[in-house]
Amino acid sequence: MNIISVKQLREQFPAISRGIRQGKWYLLIYRSKPLAEIHPITNTSVLTEKEDQERIRKDVALVKKLAGGIKTGKDITPEKMNQWIEEQYDEEFKKLFPGQ
């Protein structure tokens, strides 16, 4: 592991970046104290744009199901749920406190 300062990182970034791509690890020092380790990212931890979009699509589908799509088969958004809850609250309030 190579030890570098923040100043060295700033001044020698192209060379350090090449080293990282070659697999080198660095210990970053700031004010004479270890601050961070800098090392290459493994390929398994980086999503491609297509993988990221697929993950987002699945998350959106799950949210829609949790918002009512499972039981009703309808596309219910959180906004529609909030509107329905407010309407139900207003109806119950009128029943409990007529004339208000």
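Each value in this text was obtained by applying a stated rule to the coordinates, not by laboratory testing. Since this is a predicted model, take the numbers as computed values, not measurements. Ideal geometry is used to build each Cβ from the backbone, glycine not excepted, and the neighbour counts take in all protein chains shown.
Summary table below
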item: Antiparallel DSSP beta bridges within segment 2-42, percent to nearest 5; result: 55 percent
item: Trypsin sites (Lys or Arg not before Pro) restricted to DSSP loop in segment 1-43 with at most 13 other C-beta within 10 Å; result: Arg31
item: Amide H partners (placed H, <5 Å) of Leu35, local residues excluded; result: Leu28, Ile29, Tyr30
item: Residues Ser5, Ser32 arranged by fewest to most Cβ contacts within 10 Å; result: Ser32, Ser5
item: Estimated FRET transfer efficiency when R0 is 41 angstrom, pair Tyr89-Asn2 (beta carbons, to 0.05); result: 0.05
item: Computed E for Lys50/Ala15 - FRET, C-beta separation, R0 35 angstrom, nearest 0.05; result: 0.60
